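Here's the structure we're looking at; comments come further down.
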Amino acid sequence: MTSEPTWQLILRKSAHKTIARAPRPERERLLAALEAMTSDPFAGDVQPLNGQPLAFRRRVGNWRIFFDAHRDGRVIEVTDVSRRTTTTYRKR
């Protein structure tokens with residue numbers, strides 16, 4: 001039984017470019033995680049970001065997918081995708 005996408009996924013241009021530049025195995029993992037988010041964006045290693053009621057991050061290996069979840073319209077807006085470093089969360 002395949003699960004129907006119940007959430008609309010919007011990918012910002014900067015996030016799309018980052019995914020396109022990622023090495024192939026990591027890119028495939030990121031794309032699989034994004035696909036899974038259309039069924040349930042809060043499954044997996046998802047944490048809310050402090051002080052931002054709509055903002056969350058999903059961990060995919062050494063990568064982080066930052067997204068806003070608009071529950072009323074069932075829309076996920078991926079704002080950024082970045083490799084986890086010591087400065088990943090400083091600008092958020």
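The values are calculated or read from the model by the stated rules, or taken from the named source; none is laboratory data. None of these values were measured; they are calculated from a predicted model. Cβ: placed from backbone, ideal geometry, glycine included. Neighbour counts: every protein chain shown.
Odds and ends about this structure:
- Count - residues of region 4-28 that are exposed (fewer than 14 other Cβ atoms within 10 Å of the Cβ) and of a type in the set (K, R): 4
- Subset of region 36-82 [under 18 Å from A22 (Cα atoms) and touching a Gly at 6+ places or on another chain (Cβ under 9 Å)]: R58, R59, V60
- Output for region 52-88, where each listed residue is surrounded by 13 or more Cβ atoms within 10 Å (Cβ to Cβ) and hydroxyl-bearing (S, T, Y): T79, S82, T88
- Contact annotation: residue pairs with Cβ atoms under 7 Å, 6 or more positions apart or on different chains, pairing a residue in region 47-67 that is closer than 14 Å to A36 by Cα and among the β-branched types (V, I, T) with a partner that is modelled with pLDDT of 95 or more and part of a strand (DSSP E or B), are I65/R57; I65/R58; I65/V78; I65/V81.
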